[in-house]
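The values are calculated or read from the model by the stated rules, or taken from the named source; none is laboratory data. Since we're looking at a predicted model, the values are computed, not measured. Every residue, glycine as well, gets a Cβ built from its backbone with ideal geometry; the counts of neighbours run over all protein chains shown.
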Amino acid sequence: MAYMSKLKYSDVTPRAAYMNRRQLMGGAAGLAAGLALGPVLGASKYSVDLEPNTLEDISSYNNFYEFGTGKTDPVKYASQLTIDPWSVEIGGMVDRPGTYGLEDILKKVTLEERIYRFRCVETWSMVVPWVGFELNQLLDLAGVQGSAKYVAFETLFRPEEMPGQKTVSLEWPYREGLRLDEALHPLTIMATGIYDEPMPKQNGAPLRLVVPWKYGYKSIKSIVRVTLTDKEPQTTWNMLQPNEYGFYSNVNPEVSHPRWSQAYEKPIGGGLFAKRQETLKFNGYQEEVASLYDGMDLVVNH
Ligand code: MTE
């Protein structure tokens with residue numbers, strides 16, 4: 001495969017061919033990234049049939065305030081983050097609390113490719129071919145107790161390597177949370193890669209959450225702590241502006257942000273003349289997730 005030495009086949013091959021190739025190659029596709037990722041299964045029934053953005057788009061236009069508030073700060077400064085070794089502290093209402101090494105976790109979970117829509121609250125959107133595993137698999141390792149109702153997540157706090165943490169742009173560490181049923185939903189993944197690359201540092205290496213029916217800020221990056229609790233956890237953006245950023249943060253074109261409409265989105269990567277698109281309720285995942293919110297007022301619980 002010498003011809004692929006510079007370009008990844010995903011850079012030069014149309015998506016359908018890329019997916020077939022990945023399915024054919026099975027474990028071999030994961031081999032290049034294998035040391036970091038382990039074997040990867042092929043296309044998932046949860047993937048959307050849309051053309052993914054390029055790796056270049058996905059890894060050069062980011063929000064990662066630990067490295068600055070500008071869209072290109074993460075790609076400029078994230079390389080200084082050390083991610084090896086990495087472990088996740090799992091605690092609270094679990095049977096087996098403790099420090100879980102990432103390498104050990106990866107031996108016990110099933111990695112899959114998931115092509116998901118990704119919608120930022122700022123109204124831009126992308127389609128991302130994540131590689132990851134269902135969060136429910138990680139929670140199973142720790143053994144969730146019956147009393148748990150929520151899952152809280154925290155990002156690494158390491159100001160020597162994350163210059164944004166020396167500022168007060170946000171309260172550190174970055175934190176997020178999900179209701180337990182949201183966390184257990186098969187669409188909710190812990191992502192470890194994009195295309196056949198290990199997760200770029202600017203995208204939240206080595207392990208970040210992806211919840212495709214919620215605004216992007218719920219998808220917390222570079223996670224070091226997961227806590228099972230019976231109280232709704234505090235979340236970074238909600239602490240900053242509770243009326244603008246609710247706990248649920250489900251993508252909803254009918255509920256405007258106080259300062260702008262959420263009815264439309266601008267796909268990144270379409271060039272100067274890219275058309276805006278209508279935003280879909282639950283970011284297009286209505287069929288899979290709407291029942292989680294039966295009987296709830298989605299304006300009050302935005
Ligand atoms: N996680 C941490 N730790 N810090 C952040 O600043 N930004 C969030 C989310 N996760 C953020 C984070 C926001 S606002 C968005 S839109 C997504 O990450 C962006 O993910 P991407 O850069 O991979 O597109």
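For this structure, a couple of remarks:
- Answer from E51, E89, E122 - the residue that is among the acidic types (D, E) and not in a loop (DSSP other than H, G, I, E, B): E89
- Of the residues in region 148-170, none is under 20 Å from V48 (Cα atoms), more than 9 Å from the ligand (Cβ to nearest atom) and modelled with pLDDT of 95 or more.
- In region 207-220, of all residues being touching a Ser or Thr at 6+ places or on another chain (Cβ under 6 Å) and not hydrophobic (A, V, I, L, M, F, W, C), the one that is farthest from the ligand (Cβ to nearest atom) corresponds to K214.
- Just one of the listed residues (Y61, Y116) is within 16 Å of the ligand (Cβ to nearest atom), out of contact with any Asp or Glu (no Cβ under 8 Å at 6 or more places or on another chain) and not in a strand (DSSP E or B), namely Y61.
- Of all the numbered requirements in (1) touching a helix residue (DSSP H, G or I) at 6+ places or on another chain (Cβ under 6 Å); (2) surrounded by fewer than 17 Cβ atoms within 10 Å (Cβ to Cβ); (3) more than 24 Å from L180 (Cα to Cα), I268 misses one, and that requirement is (2).
- Residue match in region 65-72 (condition: part of a loop (DSSP other than H, G, I, E, B) and either among the polar types (S, T, N, Q) or in contact with a Leu (Cβ under 8 Å, 6 or more places away or on another chain) (or both)): yes
- Selection of region 224-243 for residues being in a strand (DSSP E or B), within 13 Å of the ligand (Cβ to nearest atom) and either buried (at least 23 other Cβ atoms within 10 Å of the Cβ) or of a type in the set (D, E, K, R) (or both) yields only R225.
- Scanning region 173-206 for residues that are within 21 Å of G246 (Cβ to Cβ) and within 12 Å of the ligand (Cβ to nearest atom) yields a count of 4.
- So E103, is it of a type outside the set (V, I, T), within 30 Å of N53 (Cβ to Cβ), surrounded by fewer than 17 Cβ atoms within 10 Å (Cβ to Cβ) and within 13 Å of the ligand (Cβ to nearest atom): no
- E182 vs. criteria in a strand (DSSP E or B), closer than 26 Å to T279 by Cβ and out of contact with any His (no Cβ under 7 Å at 6 or more places or on another chain): no
- Residue check for V75: among the hydrophobic types (A, V, I, L, M, F, W, C), closer than 22 Å to Y217 by Cβ and more than 16 Å from the ligand (Cβ to nearest atom): no
- Test: residue in region 284-302 that is in contact with a Ser or Thr (Cβ under 6 Å, 6 or more places away or on another chain), assigned to a loop (DSSP other than H, G, I, E, B) and either of a type in the set (S, T, N, Q) or exposed (fewer than 15 other Cβ atoms within 10 Å of the Cβ) (or both): no
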